[in-house]
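What follows is a single structure, written as structure tokens, with notes after it.
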Amino acid sequence: MMHLADSAPVTNNLLGSEADSQRTMYPYVTGTSVIGIKYKDGILFAADMGGSYGSTLRYKSVERLKSVGKHSVIGASGEISDFQEIMRYLDELILYDNMWDDGNSLGPKQVHNYLTRVMYNRRNMFNPLWNSLVLGGIKNGQKYLGTVSMIGVNYEDDHVATGFGNHLARPILRDEWHENLTYEEGVKLLEKCMRVLLYRDRSAVNKLQIAKITDEGFTLSEPYSLKTFWDFNAFNNPTLGAEGSW
Amino acid sequence: MFRNQYDTDVTTWSPAGRLFQVEYAMEAVKQGSAAIGLRSKTHVVLASVNKASSELSSHQKKIFKVDDHIGVAIAGLTADGRVLSRYMRNECINYSYTYESPLPVGRLVVQLADKAQVCTQRSWKRPYGVGLLVGGLDESGAHLYYNCPSGNYFEYQAFAIGSRSQAAKTYLERKFESFMDSSREDLIKDALFALRETLQGEKMTSSICTISILGAGEAFHVLDQETVQRLINEFEVVGEEPPADDEAAAPDAEAAAPDAAEGAAPDQGAAPMDI
């Protein structure tokens, strides 16, 4: 999302004219947490479909999980239009890779490293892509899961999350994740995390998708909702016992 | 002086549909000292003959490491070979910076061929006068390619270029069917024997040849001179006699080796392809 950095009249100072330089100064429409985990046969992702305009829950059907080539999946949080730009880069990357038609293909590790370079390069131009990305996949039986931030910080792990997910989902994953999760157990674990996020993250919406990638390929679930229970006393009267609150 | 009126620049066709300047560049490859390459499922061996231009000088380097998984052997203008090697090194480094993984060999070879092709279609350029044997390993296995000045490239099981390379090709043609399952040592051995064929009576010593290898779990490297001499002694690859092959299933074929080599001696091997 572009924003006019300097809408004041054209000033020619020592730094030169910046009148036509546009950068993302802050994000406009954003998606919240994405979670990714390794499981027995591949990688699972979960993300809700909300698109927030500031703190307004403006859009309700934003797909934030996409496949990249045959072996990889990307999940994005942060500025939605920047994610769309990233998808243009990746689709072109995969197109040119396929055009070689030589039996070689980019795997999740390669795509992740590519994104790392793109993100860090953009932040060095003081024009970052305002996203936290999760990238995972499987190629030749080799599972891969990693993340990149808007300034290029990147790492691999068995389970990763962005934004609020780092605070609310990963502690649960650290306790309950293990290498031999079945698909059903993996989805159950992701839903447990997503439910916590739904309760505590104000930008989360109750409409989510699960993405799965295995050696057999990529599947994205239809959007669905989680069962919730709002009749706890603390929900009915949230300020009770919160001293000094109104 | 000139062969005809159609060879004064690269982009002029002859009425017979030929580009003479490109063909002359192909000839430059045949002038250079021989380089050979062969591969198994997992390994590639590149070898070359070292020719010093004078008693007082040392020989020029003809085998270059491009990356851990790619090496080249050249025949022709060494200076052009070095330029192209540098280009290949650059491509490999840039690829691994972006993708943190090795550049597929086939793709590098296509890029190299495209670079050579451009020189055959620009009036202010000249073709590269060098042939490159590119050996490499990637996720689809071991590969050996030959890139020539015309911009063509071919994949081979085994190949030889440079002066008197026809003799080595004859040797390789006779034996290549077993190369796929060859051990690393047997591959080196066949490289030495094939190389000897191009020597035409000269004594095989470690000082007149360079041997290099790459493969699964083995980064590209040039064997040091002591190792090469040890292998030459071990395999008895010295004299004129036919190769003392232990797995000589066909002794007749072995005996025919020097004859075949002599028959093709004046290096009249046809160009490896029609341009």
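Within the stretch A:43-56, the set of residues being of a type outside the set (D, E, K, R), in contact with a strand residue (DSSP E or B) (Cβ under 8 Å, 6 or more places away or on another chain) and assigned to a strand (DSSP E or B) comprises A:Ile43, A:Leu44, A:Phe45, A:Ala46, A:Ala47, A:Gly51, A:Ser52, A:Tyr53.
Screening B:Ala73 against (1) farther than 15 Å from B:Leu223 by Cβ; (2) out of contact with any Asp or Glu (no Cβ under 7 Å at 6 or more places or on another chain) leaves a single unmet condition, (1).
Restricting B:Asp114, B:Asp80, B:Asp67 to those that are among the acidic types (Asp, Glu) and within 17 Å of the chain's Cα centre (by Cα) reduces the list to B:Asp80.
Candidates B:Ser58, B:Ser101: the one that is in a loop (DSSP other than H, G, I, E, B) and within 14 Å of chain A (Cβ to nearest Cβ) is B:Ser101.
Residue check: is B:Tyr171 of a type outside the set (A, V, I, L, M, F, W, C), in a strand (DSSP E or B) and crowded, with 16+ Cβ neighbours inside 10 Å? Taking the combined requirement at face value, the residue does not satisfy it.
Screening the stretch B:104-139 for residues that are within 12 Å of chain A (Cβ to nearest Cβ) and open to solvent by 40 Å² or more (accessible area, probe 1.4 Å) and picking the one that is modelled with the lowest pLDDT gives B:Glu139.
Consider A:Met119 carefully, then state whether it is crowded, with 18+ Cβ neighbours inside 10 Å and either hydrophobic (A, V, I, L, M, F, W, C) or modelled with pLDDT under 95 (or both). So A:Met119 passes the test. Which residue is nearest to the other protein chains (Cβ to nearest Cβ), if the candidates are limited to the stretch B:70-84 and must be surrounded by fewer than 24 Cβ atoms within 10 Å (Cβ to Cβ) and not basic (Lys, Arg)? Applying the filter and picking the extreme gives B:Leu84.
Looking across the stretch B:1-36, the residues that are outside any helix (DSSP H, G or I) and in contact (Cβ under 8 Å) with a residue 24 or more places away in the chain come down to B:Asp9, B:Val10, B:Thr11, B:Arg18, B:Leu19, B:Gly32, B:Ser33, B:Ala34, B:Ala35, B:Ile36.
Being outside any strand (DSSP E or B), under 12 Å from A:Ala46 (Cα atoms) and in contact with a strand residue (DSSP E or B) (Cβ under 9 Å, 6 or more places away or on another chain): is that true of A:Glu191 here? Taking the combined requirement at face value, the residue satisfies it.
Test A:Ala234 against the criterion of being without any contact (Cβ under 8 Å) to a residue 12 or more places away in the chain, more than 24 Å from A:Pro108 (Cβ to Cβ) and part of a loop (DSSP other than H, G, I, E, B), and give yes or no. The answer is no for A:Ala234.
Inclusion of B:Lys30 among residues that are within 21 Å of B:Leu172 (Cα to Cα) and open to solvent by 30 Å² or more (accessible area, probe 1.4 Å) is warranted.
Which residues, counting only those in the stretch B:62-82, are part of a loop (DSSP other than H, G, I, E, B) and more than 17 Å from B:Lys30 (Cα to Cα)? Across the stretch B:62-82, the qualifying residues are B:Asp68, B:His69. Scanning the stretch B:50-60 for residues that are open to solvent by less than 20 Å² (accessible area, probe 1.4 Å) and touching a Gly at 6+ places or on another chain (Cβ under 7 Å) turns up nothing.
Close Cβ contacts (under 9 Å, 6 or more residues apart or on different chains) running from residues in the stretch A:105-128 that are facing chain B (nearest Cβ under 9 Å) to residues that are among the hydroxyl-bearing types (Ser, Thr, Tyr) and part of a loop (DSSP other than H, G, I, E, B) comprise A:Leu106/B:Ser101; A:Gly107/B:Ser101; A:Lys109/B:Ser101; A:Gln110/B:Ser101; A:Asn113/B:Ser101. The C-beta contact set for the stretch B:191-210 (first residue without any contact (Cβ under 8 Å) to a residue 60 or more places away in the chain and open to solvent by less than 10 Å² (accessible area, probe 1.4 Å), second residue assigned to a loop (DSSP other than H, G, I, E, B) and not basic (Lys, Arg), distance under 7 angstrom, 6+ apart or interchain) comprises B:Phe193/B:Val237; B:Phe193/B:Pro243; B:Met204/B:Val237; B:Met204/B:Val238. The set of residues in the stretch A:202-227 being part of a loop (DSSP other than H, G, I, E, B), free of Cβ contacts under 8 Å to residues at least 40 places away in the same chain and surrounded by 11 or more Cβ atoms within 10 Å (Cβ to Cβ) consists of A:Ser221, A:Ser225, A:Leu226. When restricted to residues that are charged (D, E, K, R) and either open to solvent by less than 60 Å² (accessible area, probe 1.4 Å) or touching a His at 6+ places or on another chain (Cβ under 7 Å) (or both), the stretch A:228-246 contains 0. Test B:Ser182 against the stated conditions and say whether it is open to solvent by less than 50 Å² (accessible area, probe 1.4 Å), modelled with pLDDT of 95 or more, within 26 Å of B:Ala28 (Cβ to Cβ) and of a type in the set (Ser, Thr, Tyr). Criteria not met by B:Ser182.
Apart from one condition, A:Glu63 fits all of (1) of a type outside the set (A, V, I, L, M, F, W, C); (2) out of contact with any Leu (no Cβ under 6 Å at 6 or more places or on another chain); (3) open to solvent by less than 70 Å² (accessible area, probe 1.4 Å); (4) within 29 Å of A:Leu181 (Cβ to Cβ); the exception is (3). The condition (being modelled with pLDDT of 95 or more and in contact with a His (Cβ under 9 Å, 6 or more places away or on another chain)) is satisfied by just one residue among A:Ala161, A:Ala204: A:Ala161.
The values are calculated or read from the model by the stated rules, or taken from the named source; none is laboratory data. Just so it is clear, the model here is predicted, and its values are computed rather than measured. Don't worry about glycine lacking a Cβ; one is built from the backbone with ideal geometry, like all the others, and counts go over all protein chains shown. Only protein heavy atoms, including side chains, enter the accessible area calculation; ligands, DNA and RNA are left aside. Shrake-Rupley method; radii C 1.70, N 1.55, O 1.52, S 1.80 Å.
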